[in-house]
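Quick notes on the structure that follows.
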Amino acid sequence: MCLSIPSKVLSIDENNFAIVETLGVKRGVSLDLISEPVSVGDFVLIHVGFAMEKIDTAYALESLKIYEQIAKDMQNGVVDENEGDLGLNGFN
């Protein structure tokens, strides 16, 4: 299963390569797979070094808020790290 967390575009160079920030972590990604224009400040979903989709800012911010709450709840023991595995945990 792949989980893509919204990443904010911080900079874009002349080769269509962007620096993005995902929950405080910065990384470089290619924007070559996105057909629409992407600008600094936009949010994208990334997978293995490529931005796959540009997403709405309001949706991205709401998603980030939810991810941060889940992480906080896991740190505080409110949510078990195995919760929500749909019964598939035994198949690893």
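The values are calculated or read from the model by the stated rules, or taken from the named source; none is laboratory data. It should be emphasised that the depicted structure is a prediction, and the values quoted were computed from it without experimental measurement. Cβ sites come from the backbone with ideal geometry, for glycine too, and all protein chains shown count toward neighbours. Just the protein is used for accessible areas: all its heavy atoms, side chains included, with ligands, DNA and RNA removed. Shrake-Rupley method; radii C 1.70, N 1.55, O 1.52, S 1.80 Å.
Structure summary
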{"quantity": "Residues within the range 61-79 that are part of a helix (DSSP H, G or I) and either surrounded by fewer than 12 Cβ atoms within 10 Å (Cβ to Cβ) or acidic (Asp, Glu) (or both), tallied", "calculated": "7"}
{"quantity": "Hey, Phe17 among the aromatic types (Phe, Trp, Tyr) and over 16 Å from Ser4 (Cα atoms) or not", "calculated": "yes"}
{"quantity": "Residue in the range 1-18 that is touching a His at 6+ places or on another chain (Cβ under 7 Å) and either in a strand (DSSP E or B) or modelled with pLDDT under 95 (or both) present", "calculated": "yes"}
{"quantity": "First in the range 22-50 and part of a strand (DSSP E or B), second anywhere and loosely packed, with under 10 Cβ neighbours inside 10 Å, Cβ under 8 Å, 6 or more apart", "calculated": "His47/Cys2"}
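Every residue, every condition in (1) closer than 20 Å to Ala58 by Cα; (2) open to solvent by less than 60 Å² (accessible area, probe 1.4 Å); (3) among the hydroxyl-bearing types (Ser, Thr, Tyr), yes or no:
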site: Ile5; (1), (2), (3): yes, yes, no
site: Asn15; (1), (2), (3): no, no, no
site: Asp32; (1), (2), (3): no, no, no
site: Glu36; (1), (2), (3): yes, no, no
site: Leu45; (1), (2), (3): yes, yes, no
